[in-house]
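**Student:** Attaching a single structure in structure tokens format; questions to follow.
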């Protein structure tokens, strides 16, 4: 048990180390393998580009997930007043701008009907259709 704890502590020290200290000898085979992998990644420009692309994709995915969640919340609030027309449902679900969705979410929480919500969106030009 003590050996496992010592190995874990060396690994934690490695993870917390700054760049220079992360290259020190931690006298641990696992940490040495980590160091070798990290060194390979840092030395590989191609790997760096892939990592940056992955980071960007993850950021986009998180933003899309937030937008989808906000849109679903809006629809849930509106459905308390009755069925949401397909054109309105599609418009809400297709919106990806979080500021717009936040505004619509607040509106859906205080509005008195689905029709009133649609009218407000049309008034601000968000529906792109005339009622």
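**Student:** Quick check, is residue 18 within 29 Å of the chain's Cα centre (by Cα), at pLDDT below 80, farther than 30 Å from residue 106 by Cβ and in a loop (DSSP other than H, G, I, E, B)?
**Tutor:** When the stated conditions are applied, residue 18 passes them.
**Student:** Wholly within the stretch 31-131, which helices (runs of 4 or more DSSP H) include no fewer than the required count, namely at least 3 residues that are out of contact with any helix residue (DSSP H, G or I) (no Cβ under 6 Å at 6 or more places or on another chain), without any contact (Cβ under 8 Å) to a residue 24 or more places away in the chain and closer than 30 Å to residue 13 by Cβ?
**Tutor:** Hits in the stretch 31-131: 45-79.
The values are calculated or read from the model by the stated rules, or taken from the named source; none is laboratory data. Quick caveat, the model's predicted, so the values are computed rather than measured. Cβ coordinates were reconstructed from backbone atoms using ideal geometry, including for glycine residues, and neighbour counts include every protein chain displayed.
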